[in-house]
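A quick write-up on the structure given underneath.
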């Protein structure tokens, strides 16, 4: 058996906790209260996207759901996860419960729903069919599962998913994938009665659950699949920088070598691929852009931070706490919001820079710093953006830190900063491409890259 599923499961960023643990009602209620206080005091501004009344009502509704004397880690996670999701901020969240999923996966009896879903024009369509029923095709619309409409099912899943808008929540469901979320919210089922719309006709199929590891995780590939690569299509260079994280020396070495080779081949056109990219840190993206920039640049027109006791506690052992950035966090009063100015990044020397036409590819799965980087390229006129609108906003509340709830140990991701894109726009929209080419997740075709190459060569 391939060990591919080990890699897949490591994609989830929540820490490992003993999935067999049980927590008292009092412990979970205390963690809910602690989480509420943390969101109010440490998140940049939870009331930017949700009213105080709506947040308080949501908190009380979650609190009223905690009725059992004893809760499993999964039960506690499912309840607590709903509070940050109320904030409508994709970077403030409790992530998918990976440790519980792993425990379930290796229980010896783990099965899962056999159809993956992608959203096209708001409709949930079959993306992958892992069942043995060959009458189900990619593009079939899912109408209901076990007698419950897909809209009702999604409404329950949305309660667990943090995001600024419905497009972002759907994008995350595509990213983490629907069968995993269905297991999280509805538990294990052996069979599924699935109603589909096929060629405008509704048909119901009875599908068996499939083995989670052998028939699902070991066979599929993740939506977020950005990896470092350099290719050439005649005199067109194609560069995928990978995600903006990991070993920065390795990243810089790859970028250095790539642009050296691009220069040696005298390429006149460069395509930078930011699709299916999880994002990361601006130290990486800044270095990439320094090879195409023709003037000093920065990744935002305004960046503000909010400091707090929780933030200071979480970063007190940071290796970089002597930097001006971290010093500013400790020098301001708890709860204070303040602007921090980053120095502009200077372009590489002209002999190292790429001089030619630059395109950058984006899609709805260009996340976080990948979206911000695309906005930089667009706003500074460093290149032309090609693809579809990003689900992420380039002006957003992000810049995260992490802490754990005191009783359950569940990890929380918290946004401490607010950034405005270079052109100053705060419109609630993603990066809008200069050249629109639709990206379909329903097939293995690369519509955006192939469409751009065809356009360039015409």
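Structural remarks
- For segment 374-388, the criterion of being under 29 Å from residue 141 (Cβ atoms) and out of contact with any helix residue (DSSP H, G or I) (no Cβ under 9 Å at 6 or more places or on another chain) is satisfied by no residue at all.
- The residues listed here are 432, 448, 437, 397; of these, the one that is in contact with a helix residue (DSSP H, G or I) (Cβ under 7 Å, 6 or more places away or on another chain), in contact (Cβ under 8 Å) with a residue 12 or more places away in the chain and closer than 30 Å to residue 126 by Cβ is 437.
- The requirement of being in contact with a strand residue (DSSP E or B) (Cβ under 6 Å, 6 or more places away or on another chain) and part of a helix (DSSP H, G or I) is not satisfied by residue 305.
- Residues of segment 247-269 satisfying the condition of being outside any helix (DSSP H, G or I) and either surrounded by fewer than 19 Cβ atoms within 10 Å (Cβ to Cβ) or within 26 Å of the chain's Cα centre (by Cα) (or both): 247, 265, 266, 268
- Of the residues making up segment 229-247, just one is without any contact (Cβ under 8 Å) to a residue 40 or more places away in the chain and within 15 Å of residue 290 (Cα to Cα), namely 239.
- So residue 324, is it surrounded by 14 or more Cβ atoms within 10 Å (Cβ to Cβ) and within 30 Å of residue 241 (Cα to Cα): no
- Residue 211 surrounded by 14 or more Cβ atoms within 10 Å (Cβ to Cβ), touching a strand residue (DSSP E or B) at 6+ places or on another chain (Cβ under 7 Å) and modelled with pLDDT under 95: no
The values are calculated or read from the model by the stated rules, or taken from the named source; none is laboratory data. Fair warning: this is a prediction, and the values are worked out from it, not measured in the lab. Heads up, the Cβs are rebuilt from the backbone with ideal geometry, glycines too, and the neighbour counts pull from every protein chain shown.
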